[in-house]
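First up is the structure itself, then whatever we jot down about it.
Every number in this text was worked out from the coordinates using simple rules, so none of it is lab data. All figures in this text were calculated on a predicted structure; none of them were measured in a lab. So basically every Cβ, Gly included, is an ideal-geometry build from the backbone, and we count neighbours across all protein chains shown.
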Amino acid sequence: MLPAFFDSMLDLIIRTSTDLPPDVRAAMKSAMGAEPAGTQSAQALAIIAENIDMAADGEGAICQDTGMPTFEIKTPAGANQGWMAQQIREAIAEATRRGKLRPNSVDSITGKNSGNNLGPGTPVIHFEQWDRDDIEVRLLLKGGGCENCNAQYSLPADLAHLGRADRDLEGVRKCILHAVWQAQGKGCSPGAVGVCIGGDRANGYHHAKLQLFRSLDDVNPDARLAELEAKILGTINDLGVGTMGFGGHATLIGCKIGALNRLPACYFVSVAYDCWAFRRLGVVLGAADGAIKQWLFRDPSHPAIPMIDQAGFTRTGREVELRTPIDEATIRSLKVGDVVLISGMIYTGRDSVHSHLMKNDPPVPLNGQIIYHCGPVVLKDGDGWKMMAAGPTTSAREEPYQGEVIKRFGVRAVIGKGGMGAKTLAALKESGAVYLSAIGGAAQFYARCVENVDGVSLMEFGVPEAMWHLRVRDFPCIVTMDSHGNSLHKEVEAASAVKLAGLSEMD
Ligand code: SF4
């Protein structure tokens with residue numbers, strides 16, 4: 001067998017989870033240059049940049065959602081693919097045990113987390129045979145927030161604000177614009193899209209994801225698709241969605257388009273949306289021993305250039321310091337755009353906790369407290385716990401529950417990403433509460449704001465879904481929905497819809 005194969009896979013997984021490739025770093029650097037200093041998007045990008053550097057320096061997960069591990073592997077004839085797949089599964093379990101991956105594999109019927117990232121369909125492993133002697137393994141770690149922003153269109157179709165999309169490249173252009181607009185900040189923009197024109201529904205999505213294995217700075221060999229990619233990138237940042245949907249100029253850092261033949265009756269456009277935490281690397285292995293001969297998408301002889309030149313996120317002096325528990329008057333004094341620094345206790349709660357709270361009392365009193373939409377990576381550390389990664393998760397999933405939870409238990413603030421809808425906005429106004437946006441993906445940055453993990457409740461839901469009791473210090477967030485009926489998310493969506501309509505016709 002290949003004695004070094006397991007170690008090579010473990011190295012690939014850990015490196016992919018913790019160190020963004022140079023093409024993504026370069027794209028994010030130019031996104032940073034596009035946002036004027038002092039704007040909410042610029043502040044968000046400063047936190048993201050600091051987070052990227054922290055993750056690489058400390059070998060910590062860039063984002064707490066370490067995604068669905070997706071391997072694309074090419075092997076020579078005669079390779080034992082079944083053995084390789086088993087070694088990869090063992091490497092995934094080991095990386096999870098070391099806290100480099102979050103336990104992310106959940107039984108879809110029972111809701112039980114397998115705890116080691118293994119289970120039916122997890123990880124995803126695709127093999128292909130090629131004529132070369134060596135082995136190539138490419139890995140994509142794509143999280144759930146951006147996966148939920150994928151979109152598939154069946155043309156012809158009528159698209160909101162864009163009108164009719166026909167079965168031609170102009171129709172494809174409209175689909176891509178629509179998918180990116182629809183994602184707003186929920187997929188942790190600025191993002192990148194892989195697109196497939198044609199295929200059937202299943203292959204269309206797969207081929208769209210394969211486009212994400214292209215380097216962001218490559219040029220499509222098909223001149224027609226290269227032109228379309230350039231056209232999209234040349235206009236889409238005018239939409240004004242901006243970083244995390246805060247408004248601004250950095251909405252998309254990459255657009256890669258492929259095509260498959262289709263049935264005459266079908267014309268699908270599949271869009272795979274990836275977030276700024278675009279974790280994708282690859283290796284070429286020697287066929288004799290499975291050792292790494294070459295890295296793909298990175299050159300280890302050129303150390304990564306730091307993302308931040310100076311201080312990263314810095315205080316302006318205008319930040320509002322909040323200490324939990326918080327009273328109503330303090331909350332009512334906050335307005336959209338304020339930057340707050342939270343100290344004291346906050347409690348994580350995502351899908352399982354919210355569903356639990358609809359039928360049960362909370363395990364700790366939540367009056368005056370803050371719920372944090374977060375599924376962290378936490379490791380057992382003696383009798384206590386060690387926080388490994390703690391960024392926000394997409395809040396929109398809690399929209400059916402959040403208003404009632406706020407009103408029933410006196411919650412004063414909810415932290416998350418991507419914003420929430422009309423029901424939550426009404427509850428914030430009625431109860432005197434705010435929605436605070438943390439910066440999606442900034443898992444290392446926020447983990448450093450956690451002074452201690454004081455405890456955990458509802459551990460039966462698994463690590464990401466349990467309610468963690470976190471003692472935090474100077475945890476920065478932006479008020480994006482206040483108690484006076486204002487929502488930055490609603491404003492940006494409406495303004496970007498007008499700009500989207502302006503892009504409906506192009507020469
Ligand atoms: S950066 Fe955002 S969308 Fe991407 S994996 Fe992390 S939480 Fe999910």
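Over 28 Å apart at the Cα level, from the set 293/380; 74/142; 209/423; 112/417; 186/380, are 293/380; 209/423; 186/380.
Report note on the peptides 481-494, 341-354, 155-168: ranked by the mean count of other C-beta atoms within 10 Å, highest first, their order is 341-354, 481-494, 155-168. Distance distribution note for the range 309-427: the fraction of Cα pairs above 23 angstrom is 36%. The distance linking the range 474-507 with the range 248-308 is 29 Å (Cα centroid to Cα centroid, whole angstrom). Checking every one of the chymotrypsin sites (Phe, Trp or Tyr not before Pro) in the range 348-435 against DSSP loop status and a limit of 16 other Cβ atoms within 10 Å picks out no site at all.
Straight-line cross-link reach from residue 407 at under 19 Å between alpha-carbon atoms covers these aspartates and glutamates, not counting any fewer than eight positions away in the same chain: 327, 328, 351, 361, 398, 399, 430, 482.
Prolate is the label for the range 439-507. Its Cα gyration tensor axes, ordered a ≥ b ≥ c, give a/c of at least 1.5 and a/b above b/c. Pull out a ≥ b ≥ c, the square roots of the eigenvalues of the alpha-carbon gyration tensor of the range 221-262, then state rounded if a/c is under 1.5, prolate if not and a/b is larger than b/c, and oblate in the remaining case. It is prolate, given that a/c is not under 1.5 and a/b is the larger ratio.
Ranked by the mean number of other Cβ atoms within 10 Å of their residues, highest first, the peptides 411-418, 4-11, 316-323 come out as 411-418, 4-11, 316-323. A straight Cα-to-Cα reach below 17 Å connects residue 231 with the aspartates and glutamates 168, 170, 217, 218, 222, 505, 507, residues fewer than 8 places away in its own chain not being considered. Close amide H contacts of residue 164 (hydrogens built in the peptide plane, cut-off under 5 Å, sequence separation of 5 or more or a different chain): 159.
Placing one equal scatterer on every Cα of the range 371-507 and applying the Debye formula, the log10 ratio I(q)/I(0) at q = 0.09, 0.11, 0.22 Å⁻¹ is -0.32, -0.46, -1.32. Taking all Cα pairs closer than 8 Å and separated by 6 or more residues, the relative contact order of the range 170-221 comes to 28 percent. The length gained on full extension between residue 359 and residue 399, counted as 0.36 nm times the residue separation minus their Cα-Cα distance, comes to 12.8 nm. Annotation: the residues 269, 106, sorted from fewest to most other C-beta atoms within 10 Å of their own C-beta, follow the order 106, 269. Residues in the range 2-17 carry Karplus couplings, in order, of 9, x, 9, 4, 4, 5, 5, 5, 5, 4, 4, 5, 5, 5, 5, 6 Hz; the curve used is 6.51 cos²θ - 1.76 cosθ + 1.60 with θ = phi - 60°, and Gly or Pro positions show x.
For the range 248-390, the spread of Cα coordinates along the three principal axes comes to 62, 50, 40 Å, biggest extent given first. The mean of 1/r over all distinct Cα pairs in the range 111-250, once inverted, gives the Kirkwood hydrodynamic radius of 17.2 Å. Rounded to whole numbers, the Karplus 3J(HN,Hα) couplings from phi for the range 463-473 are 4, x, 9, 5, 9, 8, 9, 10, 8, 10, 9 Hz, using 6.51 cos²θ - 1.76 cosθ + 1.60 with θ = phi - 60°, and x at Gly and Pro.
Contact order for the range 221-375, expressed relative to its length and based on alpha carbon pairs under 8 Å spaced 6+ residues apart, stands at 13 percent.
Highest mean first, the peptides 216-224, 116-124 sorted by other C-beta atoms within 10 Å per residue fall in the order 116-124, 216-224. Panel note: the C-alpha atoms of the chain, placed on their principal axes, show extents of 69, 61, 48 Å (largest first).
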